[in-house]
Amino acid sequence: MNNLMQNKNIVVMGVANNRSIAWGITKSLQNAGANLIFTNRQERSRQKLEKLLAENEIEPKLIVSCDVADDESIVQAFREIGEKVGTIHGVVHSVAFANRDELKGEYANTSREGYLLAQNISSYSLVAVTREAKKLMTEGGGIVTQTYLGAERVVPNYNVMGVAKAALEASVRYLAEDVGKYGIRVNAVSAGPVRTLSAKGVSGFNDKMTVIEEKAPLRRQIDQDQVGDATVFLLSDMSRGITGDVLHVDSGFHIIA
Ligand code: NDP
């Protein structure tokens, strides 16, 4: 246990089950003494989250429903958080979605609808969430999203999601400039491949994991806990000089040609 996040109210968006990256982040935040608030979209995810919290003896401050595809739902969720919790000090945005059939084959075949869907859920959502969260972050704090190397380079089959992540990373920079004057920092963690529900949707995902073991400087895969600790670093005062940045948690894979 460390006290990095003692007395900090942090909103975690995107726990679907115990494999979710957001669950790794939850454990790291709990270990750092944070007060936790959760948002879920699906009722099924909420039930899984409640079970996980009970099993791990984590007492949430609040769980609210939030569909990031819907502006009103985001406004409502943060309004409720404001009413019931008050000031918040951070947000973990760990949410993405694309149609499974567009995560394989040629990117040129992406439909307009599929392109807009991926951008909407995976990228625009950070803009809308930052706008609402900012109102409650009256003491400053950190917002951290989750991205992937497919934003920077062509990763086979990642396709439409790679383009959405590129927009997300650009958004991190523009948002960082907007809210920096309020003492709020915005950063992203670029995680190596982690076997989660969402990752299953990307064709050939297993190959991406194997190549990390073969080629990354650390020669090992990464896990949710490593992403969790790096995310807590970016939420905490330890990273107070860092904003608009992308921190790679990928065993160093991104530096290899
Ligand atoms: P999960 O499937 O565990 O989590 C994805 C989450 O996104 C779910 O909790 C889901 O909520 C949520 N979500 C999807 N659509 C919406 C919506 N409209 N409104 C609100 N929430 C929504 O997968 P991961 O943990 O892998 O994904 C988390 C983040 O990490 C994503 O941004 C992903 O791109 C990123 N990432 C993942 C990597 C990996 O290899 N797994 C690598 C690098 C980045 P619900 O269950 O309620 O639908």
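In table form, for the structure just shown:
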read-out: Count - residues of region 221-243 that are more than 18 Å from residue 148 (Cβ to Cβ) and either aliphatic (A, V, I, L, M) or part of a loop (DSSP other than H, G, I, E, B) (or both); value: 8
read-out: Count - residues of region 169-187 that are part of a helix (DSSP H, G or I) and more than 13 Å from residue 245 (Cα to Cα); value: 2
read-out: Residue in region 221-246 that is farthest from residue 140 (Cα to Cα), counting only those that are out of contact with any helix residue (DSSP H, G or I) (no Cβ under 9 Å at 6 or more places or on another chain) and surrounded by 16 or more Cβ atoms within 10 Å (Cβ to Cβ); value: 234
read-out: Tabulated pairs, region 55-72, first touching a residue at least 12 places away in the same chain (Cβ under 8 Å), second part of a loop (DSSP other than H, G, I, E, B), C-beta under 6 angstrom, 6+ apart or interchain; value: 61/85; 62/85; 67/41; 68/95
read-out: Residue match in region 47-54 (condition: touching a helix residue (DSSP H, G or I) at 6+ places or on another chain (Cβ under 6 Å) and either farther than 24 Å from residue 174 by Cβ or at pLDDT 95 or above (or both)); value: no
read-out: Residue that is modelled with pLDDT of 95 or more and within 23 Å of residue 234 (Cα to Cα), where the choices are 94, 73; value: 94
read-out: Members of region 119-151 found to be touching a strand residue (DSSP E or B) at 6+ places or on another chain (Cβ under 8 Å) and more than 21 Å from residue 86 (Cα to Cα), listed by number; value: 125, 145, 146, 147, 148, 149, 151
read-out: Filtered residues of region 27-73 (kept if within 11 Å of the ligand (Cβ to nearest atom) and crowded, with 22+ Cβ neighbours inside 10 Å); value: 38, 39, 40, 49, 66, 68
read-out: Residue 168 at negative phi, surrounded by 19 or more Cβ atoms within 10 Å (Cβ to Cβ) and within 11 Å of the ligand (Cβ to nearest atom); value: yes
read-out: Options 218, 197; residue that is surrounded by fewer than 17 Cβ atoms within 10 Å (Cβ to Cβ) and in contact (Cβ under 8 Å) with a residue 60 or more places away in the chain; value: 197
read-out: Residue in region 26-41 that is part of a loop (DSSP other than H, G, I, E, B), small (Gly, Ala, Ser) and under 20 Å from residue 196 (Cβ atoms) present; value: no
read-out: Odd one out for residue 80 among (1) in contact (Cβ under 8 Å) with a residue 24 or more places away in the chain; (2) within 26 Å of residue 176 (Cα to Cα); (3) more than 14 Å from the ligand (Cβ to nearest atom); value: (1)
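The values are calculated or read from the model by the stated rules, or taken from the named source; none is laboratory data. Worth saying up front: this structure is predicted, and the values here are computed from it rather than measured. As a convention, Cβ positions derive from the backbone with ideal geometry for all residues, glycine included, and neighbour counts pool all protein chains shown.
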